[in-house]
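Asker: Please read through the structure below; I'll follow up with questions.
What follows is calculated from the coordinates using simple rules that are stated; it is not laboratory data. Everything numeric in this text was worked out from a predicted model, so none of it was measured. Ideal geometry is used to build each Cβ from the backbone, glycine not excepted, and the neighbour counts take in all protein chains shown.
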Amino acid sequence: MVDRPVAKRLSAALVFFSFFALYLFSAFPDLAPYRDSGEMATSAWTLGVSHPTGYPLYIMLGRLMDLAPLGNPAYRLMILSALAGAAAVALVYLLCESYFGFLAGLGAALLLGLNSDFWAVAQVQEMYSLSILLAVVLIGLALTLGRNYRERFWLGFVFLFGLFLGNRLEVLMLVPGLLWLTLGSESKNRTTLWSVFAFLVFPAVMALTKKNYPIAIFIAGTALWLAPDRNRWRWALKSALFAALGLSVYAYMPMRSAAGPWLDWHHTAVFSNLIQSVLRTKYGGTLDLISENYRIGELFGANMALYAAHLWKEFSLVGLAAAAAGFFKSWRDGRRRWLGMFACWYWSGPFFLFIANMPPNPHAAAIVLPHYLLSDLILILWAAEGLGWAAQGSLPLAAGAVIAVAAVPLVLGRVQDMNRRGHFFSLDYARNVFLCVPPHGTVVAKEDVPVYNLWFYQTAMGMRPDARVVAQGLSGAPWYQQGLQRDHPNAYVGEAETDAGFRRLAAADSPAFATTDAKVPPDLLAAAKSHGMLIGWPQKSGAAAQASADELWRLMSFRGDYDYGAYDDFFTPDLIAGYSQALYKAGSDAYEAGLKSEGLSLIDRSWAMRYLSPEDPAFLAYDAFARKDYAAAAKDYALSALLGARMLVLAHRYAALPDVASALKKDEATALMHEGVARQHLGQAAQSEQCYQDSLAIYPLAETCYDYAVLYWGKDWGLVARELALALQIDPHYAPALHYWPQIQSMMKRATSGR
C-alpha cells in the first residue's frame, strides 16, 4: 500500500504533467500576438531592460530558457510559461489537498488550470503565469506561518517576497492580507483598527493621490505593529535585510543598462531613471495611462460588471457556490484567516479595478484580464474549502460538484477555443511587413503588438537586419534615440510622434514607410501611396506604382482564418484589422489610378476581413453612384450608416473618449447624407428627406444642409433659405452654399417686398 505522503506527491506530479501537456498541446508554435510578448521575448533574447518595472527576474529566467535547444526562441519562452502555469496548478492542488482533502484539491486544480485567462497566459511569452506560481508560494508560506510562526520561515518569506517583486509588482496587492494571515491578531480591537486602515484609509489615500507608495507604508506599518519579536526593531532590521537581499535582483537593470543592451528602456544605469522604472512613477498609481482620461472611480461600475461576467464564465454556478460556501466556513471557523484572505481578494480584485480605472473596451479589457487571476486565486482557495466542507457531509455530493466544475468549461468547448497550434499570425505579420520594406528602408509603427513583433523577429530571428524599425511612441525618448543612433548611425534620429517630427523623418529617411497603426500627418497621409502592408511615398506614380505595390500582396503569407470576428482575444483581431486597413488603402489607390476592377477586388477583401467596417460599403457605394447605379449606392450607403450606428453603440458601451464618438457620428451622418442623395436621384423624395433629417440629427454637416436645400429647390424657398443659412452657420466657407446664398437672399427680399 502506498503511503499517503507518497500518494500525495504522485497525484501532484500527475496534475502537473497533465496540465503541462495540455498547455503544450494547445500552445502557439511561435510568438503570440499578445500585449508585450514580443518585447519580453526580445528582452530575454538580448538580455535587455524592459519597460517599467523592468521585470529582471523574468528576463533572466527567460534568457536561461533561451539556452535550451527546444524550437525557436519564442517557443522556448512559451515553455517557461507553460511550466510555471502547470506548477502553479500542482501547488494549488497540494495546498488545498493538505488543508481540505483530495476532492477539494482536485476541484481547485481544475478551477485554476481550466480558467481560460490563466490558460491563455500559460501559452504566451509573458510573466503572468510565473506571477501566479509565485503568488501561490507566498500564500502557502503565509498560511504555514499563521499556524506555526518560526523566524527562519519568516525570513525566507520576506526574502522570496523581495525576489518575486522582480517578476511583477502586482504581488504587492496580496501583501496586506498575507501579513495578516502570517502575523495577525485575534484581538477584536486590533482586528477592527487594522481593518479600518486596510479597507478604508490606505485605499482612499492611494486612490486620491494616484500613487503606489502608500501601500509600502501600510505594509511596513503593519509588519512593525504586529511584530512577533519583543525587540521589534531588531526583527524589523533583519526582515528588511532579507527583503533587500531578494530585491537585489533589480541590480540586473543598472548593470545591464550600463553595458548598452539592444533594448535599454529608460536607461536605468542612471539611478534616478532606475527608481522611476522600478516604482513606475511615470505611470502614477494606475495600470495604464489610458485611465488618466477618466475621473477617479468613474469606470468602477463598468469594470465590476466585466469582472462579474468573468467570474460567471470561469467558475460557473457550481464554482461560485463552492466559493461562497468556503467563504462562509472560513468566516465561521477562524476570523483571522478569513480576514487575511478577504484582504487579499479585496486589494487584488475590487480595489485594483477601482484604481486601474480602465474603460470597458476590448483593448482595455485585454489589458485587465490577466490581472483578474490573483483575485481568482483567492476565490479558488475558498471554493476548495467549500468542496472540502461538502465532502465531510456527503462524498457523492462533493464528487458531483467536482465533476461539474470540470465538465462545465469542457462542455463549453474550452479546449477547442484555447487551441493555438496553427496560430502563425505574429510570424506572418512580421514577414509580410518586412517584405514590403525596400532595402535599407525605414518603417514607422506605433501600437505595441506590431512594434514588438518586428523587434523580436529582427533581433532573435534575423529578419531584415538592414531595415530600420522606428517605434513612434518611443521616438522622443533619449534612451531610445541613443539606441537607434548606435544601430543606424547614418539615419535620422528624432521624435516622430508629432506631425513636424514625422515630416522630418519622412524627408530624411528615404525610403520611409509606415504601418497602418502609425499616426501620420494629414498632408502626408493624403499624399501616401499603398505599398502592400505599408503606406509610403514612392518615386513612381500612377498605375505603374500601383501595379508594383499590388505584386506584394501575391507574395504575402496568410495562414489561418483572417476574419476579425472569429477570435475571442483582442490582439489577433487587431492584427487582422491592420491587414484590412492596408487592403482598403491599396484598393482606393488602385481605383484612383484607373485600375477600378483591381481596386474593388481589394476593397472586397478588406471588407471580408472586417465585415463590421463602415468604410468598405461606403466605398462600394461611391463606385455604384459613379456608375449611376443609384439603387445599389443607396443600399450600400444605408448599410454603411447601419454599421456606423453599431460602432457608435459600441463606443458608448466602451466609454470611448468624446473625440472618438464624435468622429463616428460624423461618419454615420455622412453615409446617411449620401444615401439621401442617391434616393433623390431615384425620385424617392420622402426617403431622401428622412435621410437628411436623420443625418442632421446625428451630426450637422454643411453638405447635408445644402443637399436638403437642393431637394426643395423651386418647391419651398423658405426651407431652402433656412438650410443654406444653416450650412453657412456650420461652415462659413462652404463654397456651394456661398454661391447660391446671395441669389436666395435676393429672391427672399423680392418675395417680401412683393407682399
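Asker: Note the full-extension length gain between THR209 and ALA626 as 0.36 nm times their separation in residues minus their Cα-Cα distance, in nm to one decimal. Can you show the working numbers first?
Answerer: On the way: separation 417, 0.36 × 417 = 150.12 nm, distance 5.81 nm.
Full extension of this stretch gives 144.3 nm more.
Asker: Oh, and also: According to the Cα gyration tensor, what semi-axes, each the square root of 5 times an eigenvalue, does the equivalent ellipsoid of segment 424-613 have, listed from largest to smallest in whole Å? Before the final figure, lay out the partial values.
Answerer: Details: eigenvalues 134, 81, 43 Å².
Value: 26, 20, 15 Å, ordered largest first.
Asker: For the chain, restrict the atom set to alpha-carbon positions and state the Rg and Dmax in Å.
Answerer: Looking at the chain, its Cα Rg and Dmax stand at 30.4, 115 Å.
Asker: I've got another one for you. How big is the convex hull of the Cα atoms of segment 626-699, per residue, in Å³? Can you show the working numbers first?
Answerer: On the way: hull volume 5.1 nm³, N = 74.
Hull volume normalised by residue count: 70 Å³.
Asker: Which far-off residues, 5 or more places away or on another chain, put their amide H under 5 Å from the one on VAL49, with H placed in the peptide plane?
Answerer: LEU263, ASP264, TRP265
Asker: Near the amide H of PHE513, under 5 Å away, which other amide H atoms are found, from residues 5 or more places off or on another chain, if H is placed in the peptide plane?
Answerer: THR442, VAL443, VAL444
Asker: Return one number: the angle in degrees, 0 to 90 and rounded to the nearest 10, between the long axis of the Cα atoms of helix 630-653 and the longest principal axis of the Cα atoms of the chain.
Answerer: Taking Cα atoms only, the helix is inclined about 30 degrees.
Asker: Any chance you could run the full-extension gain for ALA216 through LEU10? It's 0.36 nm times the residue separation minus the Cα-Cα distance, nm to one decimal.
Answerer: 70.2 nm
Asker: Right, something else. Using packing as a proxy for protection, rank 252-261, 467-476 so that the peptide with the highest average count of other Cβ atoms within 10 Å comes first. Please report the intermediate quantities before stating the final value.
Answerer: Working: 252-261: 17.6, 467-476: 21.2.
Highest-to-lowest ranking by the protection proxy: 467-476, 252-261.
Asker: Go ahead and run the numbers for FRET between HIS440 and LYS749, Cβ-Cβ distance against an R0 of 60 Å, rounding to 0.05. Please list the in-between numbers first.
Answerer: Values: r = 68 Å, r/R0 = 1.13.
Rounded to the nearest 0.05, the efficiency is 0.35.
Asker: Shifting gears a bit: So the label point goes 7 Å from the Cα of TRP312 along Cα→C-beta, right? Which residues of segment 414-448 then have their backbone N under 20 Å from it?
Answerer: From segment 414-448, the list is 414.
Asker: Specify the inter-centroid distance of segment 572-632 and segment 33-94, based on alpha-carbon positions, in whole Å.
Answerer: Here the two parts' Cα centres lie 40 Å apart.
Asker: Okay, next question. Would you mind checking the tilt of helix 702-711 against the longest principal axis of the Cα atoms of the chain, expressed as 0 to 90 degrees and rounded to 10?
Answerer: Here the helix axis deviates by roughly 40 degrees.
Asker: If you don't mind, there's one more thing I want to ask. Counting C-alpha atoms alone, how compact is segment 31-170: give Rg to one decimal and Dmax as a whole number, in angstrom.
Answerer: 16.1, 46
Asker: Applying the Karplus parametrisation 6.51 cos²θ - 1.76 cosθ + 1.60 with θ = phi - 60° to the phi angles of segment 69-75, what ³J(HN,Hα) value in whole Hz is obtained for each residue in order, glycine and proline being reported as x?
Answerer: x, 10, x, 8, x, 5, 5
Asker: Could you order peptides 435-446, 582-593 by the average number of other Cβ atoms within 10 Å of their residues, highest first?
Answerer: Values: 435-446: 21.0, 582-593: 22.8.
Answer by packing, highest mean first, reads 582-593, 435-446.
Asker: Right, next: Could you tally the net charge around ARG336, taking each other residue with its Cβ under 14 Å from the Cβ of ARG336, Lys/Arg +1 and Asp/Glu -1?
Answerer: Charge balance in the 14 Å sphere: +4.
Asker: Right, next: Need one number: nm distance between label points at GLN729 and ALA321, each 7 Å from Cα along Cα→Cβ, rounded to one decimal.
Answerer: A separation of 6.2 nm, rounded to one decimal place.
Asker: First measure r as the distance between the Cβ atoms of GLN392 and SER18, then evaluate 1/(1 + (r/R0)^6) with R0 = 35 Å and state the FRET efficiency to the nearest 0.05. Walk me through the numbers on the way to the answer.
Answerer: Values: r = 27 Å, r/R0 = 0.76.
Once rounded, the FRET efficiency stands at 0.85.
Asker: Let me ask something additional. What nm distance separates the two modelled labels at ASN72 and TRP233, each placed 7 Å from Cα along Cα→Cβ?
Answerer: Between ASN72 and TRP233, the simple spin-label model gives 5.9 nm.
Asker: Percent relative contact order of the chain, based on C-alpha pairs within less than 8 angstrom and at least six residues apart?
Answerer: Details: 1193 pairs, mean separation 90.2, N = 755.
Averaging sequence separation for qualifying contacts and normalising by length gives 12 percent for the chain.
Asker: Here's a follow-up. Enumerate the residues in segment 215-236 having an amide nitrogen under 18 Å from the point lying 7 Å beyond the Cα of TYR149 toward its Cβ.
Answerer: 219-236
Asker: For the chain, find the longest principal axis of its Cα atoms and tell me its angle to the long axis of helix 4-25, 0 to 90°, nearest 10.
Answerer: Helix 4-25 and the main axis of the chain meet at about 20 degrees.
Asker: Residue by residue through segment 456-463, which ³J(HN,Hα) values in whole Hz follow from phi under the Karplus form 6.51 cos²θ - 1.76 cosθ + 1.60 (θ = phi - 60°), with glycine and proline marked x?
Answerer: In residue order, the calculated couplings are 5, 6, 7, 7, 7, 10, x, 6 Hz.
Asker: How high is the relative contact order of segment 424-613, in percent, with contacts defined as C-alpha pairs under 8 Å that are six or more residues apart? It would help to have the intermediate numbers written out before the result.
Answerer: On the way: 288 pairs, mean separation 38.6, N = 190.
Taking the mean separation of contacting Cα pairs over the length of segment 424-613, I get 20 percent.
Asker: Could you grab the relative contact order for segment 626-699? Cα pairs under 8 Å, six or more apart, rounded to a whole percent. Each step should come with its number before you reach the end.
Answerer: Numbers: 76 pairs, mean separation 26.8, N = 74.
Normalised by residue count, the contact order of segment 626-699 is 36 percent.
Asker: With a Cα-only, solvent-free Debye model of segment 502-639, what are the log10 I(q)/I(0) values at q = 0.10, 0.20 Å⁻¹?
Answerer: Log10 of I(q)/I(0), two decimals: -0.36, -1.24.
Asker: List the chymotrypsin sites (Phe, Trp or Tyr not before Pro) within segment 687-739 that fall in a DSSP loop (any state other than H, G, I, E or B) and whose Cβ has at most 12 other Cβ atoms within 10 Å.
Answerer: On the way: sites: TYR692, TYR706, TYR708, TYR712, TRP713, TRP717, TYR734; in loops: TYR712, TRP713, TYR734.
Taking segment 687-739 and a limit of 12 other Cβ atoms within 10 Å, the loop chymotrypsin sites (Phe, Trp or Tyr not before Pro) found are TRP713.
Asker: By how many nm would the segment from SER662 to SER557 grow when fully extended, if each residue of separation counts as 0.36 nm and the alpha-carbon distance is taken off?
Answerer: On the way: separation 105, 0.36 × 105 = 37.80 nm, distance 3.66 nm.
Residue separation times 0.36 nm, minus the Cα-Cα distance, leaves 34.1 nm.
Asker: Please name whichever of GLY48, VAL15, ASN115 sits farthest to the positive end of the charge dipole of segment 1-137, dipole taken about the Cα centre and charges placed at Cβ: Lys and Arg +1, Asp and Glu -1.
Answerer: Projecting each Cα onto the dipole axis, the largest value belongs to VAL15.
Asker: Separate question: Using R₀ = 56 Å, calculate the FRET efficiency as 1/(1 + (r/R₀)^6) where r is the Cβ-Cβ separation of PHE271 and ALA507; round to 0.05. Don't jump to the answer; show the numbers that get you there.
Answerer: Numbers: r = 38 Å, r/R0 = 0.68.
The pair PHE271/ALA507 has a calculated efficiency of 0.90.
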